[in-house]
1. Compute a Gaussian network model of the chain, connecting alpha carbons closer than 10 Å, and tell me which residue from Tyr192, Tyr22, Tyr270 fluctuates the most.
2. Quick one: with all protein chains in place, what share of the accessible area of the chain is carbon or sulfur, to the nearest percent (1.4 Å probe)?
3. Bin by bin, in steps of 10 Å, what percent of the Cα pairs in segment 117-186 do you find, going until the bin that has the longest distance?
4. If the only charges are +1 at each Lys and Arg Cβ and -1 at each Asp and Glu Cβ, what is the size of the charge dipole of segment 81-206 around the Cα centre, to the nearest 20 debye?
5. With r defined as the distance between the Cβ atoms of Asp250 and Glu209 and R0 fixed at 41 Å, what FRET efficiency is calculated, to the nearest 0.05?
6. Could you provide, to the nearest whole Å², the per residue accessible area of the chain with probe 1.4 Å?
7. From Cα pairs below 8 angstrom and at least 6 apart in sequence, can you work out the relative contact order of segment 116-235, rounded to a whole percent?
8. Of Gly190, Gln150, Pro228, which is farthest on the positive side of the dipole of segment 146-242, counting Cα position, with +1 on Lys and Arg Cβ, -1 on Asp and Glu Cβ, and the Cα centre as origin?
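The values are calculated or read from the model by the stated rules, or taken from the named source; none is laboratory data. Keep in mind the model is a prediction, meaning the values are calculated, not measured. Here Cβ is always computed from backbone atoms with ideal geometry, including for glycine, and neighbour counts include all displayed protein chains. Calculation scope for accessible area: heavy atoms of the full protein, side chains included, ligands and nucleic acids excluded. Shrake-Rupley method; radii C 1.70, N 1.55, O 1.52, S 1.80 Å.
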Amino acid sequence: MKVLDIPMRAVQNAIGERRMPYVFLLPNFLLFGLFVFLPLILNVGYSLTGGSKLYLSERPFVGLGQYATLLDCTNHLQPSTCREDHFWRGVYNTITFVVLQVVFMVLFSLLTAVVLNMKIRGRGFFRAVYFFPVLLSPVVVALIWKWILQREGLLNGAITTLGGEKILFFVEPGWAMFWAVFVSIWAHMGFYTLILLAGLQAIPADIYEAAEMDGTKKWRAFHRLTLPLLMPNLIVVIVLSLIKGVQTFDEVFVLTGGGPGTATLLVVQYIYETAFSNQVQNFGLAGAASVMLGVVLFALTLLQLFFARKGEKPT
């Protein structure tokens, strides 16, 4: 410790005690700038250029041409009329995925949190079980469920054993989207359940005792007391699940590959394939799509901050 104390004291004497916190924050700022701000600036630069060259200095400047290509549609509600129809299919698939995921994620997380907040046997065990999938890699989660749901998978094996016929879960577009949403909820529900459970445990028990003395029914107490007091946590869960849903890529990509056809193609997968997977790598178009996605995520983040600060204000 003395070895570190000598140079730290010298730095403190040189810049003053008030500026010392910035010295300790400097490594974090450097890493953040190197791996977040610099790639962000480069991505915006690529979105303003064209051509197939990798180095930015060798790419011609096209201004907002890449954005115009993405937005070039006769009817934005019909992806087939768009110049980049895969992008708009990804947009609408992402909207469908996010809406279904957020709605059912919040419902199941809330129900699970309420049950785990009760005095039930093995409560600690079940809390650990529901949180365990959160600790797994999204790729591992997708591979596990792909092994279960594939044609010769575990679920079809159980169905045929009971005398049924095999179901091709990833052939029908509706089934593929259903399982993509299901697997995403299964993988992340424990995290949101934990947030809601913390909110439930923060509610004073005296409120429920007073309601019980007044003869208030449990469902009415839940509606009139629990939900309003839990609303700040619910808002956090909704906004965080929205952001996570929009960013979804690896789970769905490993599980369905975006198929059948483009039924489960999401925006992030479109960006990945446009930049790296397609035969002609279009870094500019992928950069423009990612900037547009970044704007959406930034708006959702501002929404979260707005509701968080609103919830902190005394009523």
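1. Tyr22
2. Working: 13300 of 19720 Å².
Carbon and sulfur: 67 percent of the exposed surface of the chain.
3. 18, 37, 29, 16, 1
4. Details: 9 positive and 6 negative charges, 71 e Å.
Its charge dipole is roughly 340 debye.
5. Details: r = 47 Å, r/R0 = 1.14.
Given R0 = 41 Å and the Cβ-Cβ separation, E is 0.30.
6. Values: 19720 Å² over 315 residues.
Dividing the accessible area of the chain by its residue count gives 63 Å².
7. Taking the mean separation of contacting Cα pairs over the length of segment 116-235, I get 26 percent.
8. The one lying farthest along the dipole's positive direction is Gln150.
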